[in-house]
Structures are given as structure tokens and as C-alpha cells.
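Q: This is the structure I want to talk about, given as C-alpha cells.
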Amino acid sequence: MNETCLDAHIHLWEYCLFHALPSLASSSCLEEIESVMRGDTRGEWLLGVNFNQESIEEKQIPDRFLLDRWFGDKPAVIVRSCLHLMIMNSQAMQRLGVYQESGLFLEADVFAMLNRLLPELPCHPRDIVERGWRQLQAEGYRRVIDMAMDKAKRGLFYQPDFYTVDWDLLDEALGFKIFLDGSLGARSAALNAPYSDSPGSSGCLNYEDQALQRLIGRVHQRGKPVSCHAIGDRAVAQFLRVIKTTRHPLDRLEHVQVATLAQLDEIARLDIAVCIQPCASGELSWARQRVGEARLPSSYAWNLMRERGIRLLAGTDAPVDRVSPYYAAQLADRQEGSHHLDYQYVIDLFSQSNWDFYGWEPGSASQVI
Ligand SMILES: [Zn+2]
């Protein structure tokens, strides 16, 4: 392990935070979750992260009522591993000044609530960042790119590399992050044809073409590229329509988990970099039901992208997925056909291609702390 890796897509604060809080990843039932959370006696709040209902016996998402029963008037919060869902008990909601009958919060609300939790954490955010950064170095990284920096998080780091969702931070940022659609897990990724396991739904786009065109044009006018989250083939299609009208050479597409062959060729022709998450290959076990057999060969199709001549970058999306580049390389290497990438090819993405894209000297360190 002597490569110097660059993670081109990470959620830096959330990674550091998850690294510092009790993980529920290996809890196998609700009872264990309760005892892991109760076991952290550092602060007043009881926090548990990396929760996934698929890995517990009950296959159930706890709600506010269960957390109230467990923890009474101690504020308690559980965050799902995907970062798209969190659960709070009554006391936690009251302390943060929010309310949901079920205690469930979704999508952008999760990031907002995590920011509000900052003053309540059991240790100082700077210590959390230092510990997280040390762990990233131990995993083989010298530099990482955060994908959703905002003003609340910016002050926690010295000079991080980041894409932002905040206009006020754009001058300092590598570019602007735009979410075109959602995720396959939540069936909110925008597909051209309906989900194979839910024929009534095909996800949705977050923008009309014209609004997206104006937004991207505004970013380009400030001399910055965009990084567009596009998971479904309808989102990829929209990106391709719009990017023909306004362009920066470093525009990036993120994820591209479902695409058509024609789209892949078009991405290659337009020389748009795609940042893939090789560790997302682990989703194929359940995602194949979402996309169906017909779309499967061109879904999570890293090898097809490579063959078609697309410029690939690699990220882990940690803490949503595991942070290790070696784990990502192993997982992609185990896949077959269009989903496969050689182990060394993936390592080279992290240790060479990512650096080349930004013209950075491989191994030049992030000024995170
Ligand atoms: Zn992400």
C-alpha cells in the first residue's frame, strides 16, 4: 500500500462525524441498537450512525415512539448509512426546534439537522475532524474532495478542496454541485422507463430543462464548472441536453448508475468526466430488481464506460459507502462483464487519473486541518 490516493467524491464532515460516533453497522437487532447507543456516555445526546434496517432481524426503521420508550427524556438520534434518512425522539426534536409526527427526517433535512447538531456533539468538532483526517490518511489518502460544502461546515476545515451548494462559497470552490435526481434505493432516481419492481414510478427530475440551463450558465459565467449528480438515465439525458448549450471543460457527472449505450457514447464524445463509485457495485444485489434485466448490462457499467472512452474519476461517497480505495478496487474486480474493472485499474483511478484531472501533483496533501 504505497499509492497516494485522491478521493474525488467524499462527504468530508459527515465521514469524520460518522467515524467519531457509535456505529450501528454491526448491530443485528433493535435491542443491540439500544445498547450501543446507551453505551456512549461521553455526552448528553445519544447518537447512532450507519444504521441500516436491512441488516437487523426486525427489518424495521425505529420511530420516535420507540426511541422515546428506550431513552425517555434523553435526546436521541439515529442516522441511516445512506445519509438520506434520520430518526429523532421527542426530546431531540424539541431541543433542535423541529417536529415530525414520526420523528423521521429525509434527504436535505438530514444534512440540515446534522449541521444543527454541531453544538451538541460529545467532543469538539475540531477533534472530530482531526481524528477523521488521520483515519483517511491511514486508508491511503493524501487528498479528498468534499462534494457538498456549505457555510456551516466550511469553518470546520482549514483549506479543504470542495464543491459547494452555496453561492457565497463558489469563488473558493472547485465548482458547484447540482442534484439532478435522487437515488435508486428510494426510487427517486429519474428513469426513462418505469422501475422494474414498481411499474407506477419512474422517479423525478429536480429541475426543468430551462431552469437547469440558467443555473449551470450562471456557474459557468463565474468561471467555474458544475458537478451534476445524475443516477438515472432520464437525469443523464437531461444533463446531455443542457450541457450542449453551456460548457466548462471541467464539468463533471456523478454516479451515472443507469445509462443507455448512446448516452455513454455521447458523454465520451463531449469529453465529460464521470466520477464513478466503484464500491456502489455492492448495490447490484438489490439494484438489479429496480432496473430489470434489460437495463442491467448498462447499469453500474464501469467497464462499458471505460471501453467507450469516457474519462473516469473515482470516489467513494463515504460515509455512504466504505472509504477504502482498496475495498472499492476489490469489489469492482469481483464483478463480471460490463460491471467489472480490474483491481489495478481502480487503484490507478484513485492514485493517478483523479490527480491528472485537476492538474495536481500526485501526493500533494489536502490542507484539511
Ligand atoms: Zn455523494
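Q: With every protein chain kept in the model, how would you rank 41, 246, 316 by accessible area, 1.4 Å probe, largest at the top?
A: In descending accessible area the options line up as 41, 246, 316.
Q: Check cross-link reach from residue 153 to the lysines: straight Cα distance under 22 Å, and skip same-chain residues fewer than eight apart.
A: Result set, ordered by chain and number: 177, 224.
Q: Then there is this: Just to confirm a number: summing +1 for Lys and Arg and -1 for Asp and Glu over residues other than residue 57 whose beta-carbon lies under 15 angstrom from that of residue 57, what do you get?
A: Net charge around residue 57: -4.
Q: With θ taken as phi - 60° and the coefficients 6.51, -1.76 and 1.60, list the Karplus ³J(HN,Hα) couplings across the stretch 181-187 in order, rounded to whole Hz; mark glycine and proline as x.
A: Going residue by residue, I get 8, x, 10, 5, x, 8, 6 Hz, with x marking Gly and Pro.
Q: Can you list the HN-Hα couplings for the stretch 227-241, worked out from phi with the Karplus curve (6.51, -1.76, 1.60; θ = phi - 60°), rounded to whole Hz and with x for Gly and Pro?
A: 10, 10, 6, 9, 9, x, 5, 6, 6, 5, 4, 5, 4, 5, 4
Q: Here's something else I'd like to know. Which of these, 190, 287, 314, has the largest mean-square fluctuation under a Gaussian network model of the chain (Cα springs below 10 Å)?
A: Maximum fluctuation in the GNM of the chain, among the listed residues, is at 287.
Q: Ok, one more. Amide H of residue 107 versus every other amide H placed in the peptide plane: which residues, excluding those fewer than 5 positions away on the same chain, fall under 5 Å?
A: 85
Q: Please give, to one decimal in nm, the separation of the simple spin-label points placed at residue 35 and residue 241, each 7 Å out from Cα toward the Cβ.
A: Distance between label points: 5.5 nm.
Q: Next question, about the same structure. Compute the distance in nm between two label points, each set 7 Å from the Cα along the Cα-to-Cβ direction, one at residue 198 and one at residue 130.
A: 4.4
Q: Taking only DSSP H segments of four or more residues, each worth -39500 (n - 2.57), what value at 222 nm results for the chain once the sum is divided by all its residues, to the nearest 500 deg cm²/dmol?
A: One gets -10000 deg cm²/dmol as the mean residue ellipticity at 222 nm.
Q: Using the alpha carbons of the stretch 14-117, what is the convex hull volume per residue in cubic angstrom, as a whole number?
A: On the way: hull volume 9.4 nm³, N = 104.
Normalising the Cα hull of the stretch 14-117 by residue number yields 90 Å³.
Q: Among 322, 306, 290, 252, what's the order by accessible area (1.4 angstrom probe), most exposed first? Mind dumping the intermediate values first?
A: Details: 322 140, 306 95, 290 35, 252 0 Å².
Putting 322, 306, 290, 252 in descending order of accessible area: 322, 306, 290, 252.
Q: Through the Karplus equation 6.51 cos²θ - 1.76 cosθ + 1.60, θ set to phi - 60°, convert the phi angles of the stretch 52-57 into ³J(HN,Hα) values in whole Hz; use x for Gly and Pro.
A: Per-residue couplings from phi come out as 8, 5, 5, 9, 10, 3 Hz.
Q: Can you tell me the mean projection area, over all orientations, of the convex hull of the chain's alpha carbons? Units nm², please.
A: With every direction weighted equally, the projected area is 17.7 nm².
The values are calculated or read from the model by the stated rules, or taken from the named source; none is laboratory data. What you are looking at is a predicted structure, and each value in this text was computed from that prediction instead of being measured. With ideal geometry, Cβ positions are generated from the backbone for all residues, glycine too; neighbour counts draw on all protein chains shown. To get the accessible areas, we keep the full protein, side chains included, count just its heavy atoms, and leave off ligands, DNA and RNA. Shrake-Rupley method; radii C 1.70, N 1.55, O 1.52, S 1.80 Å.
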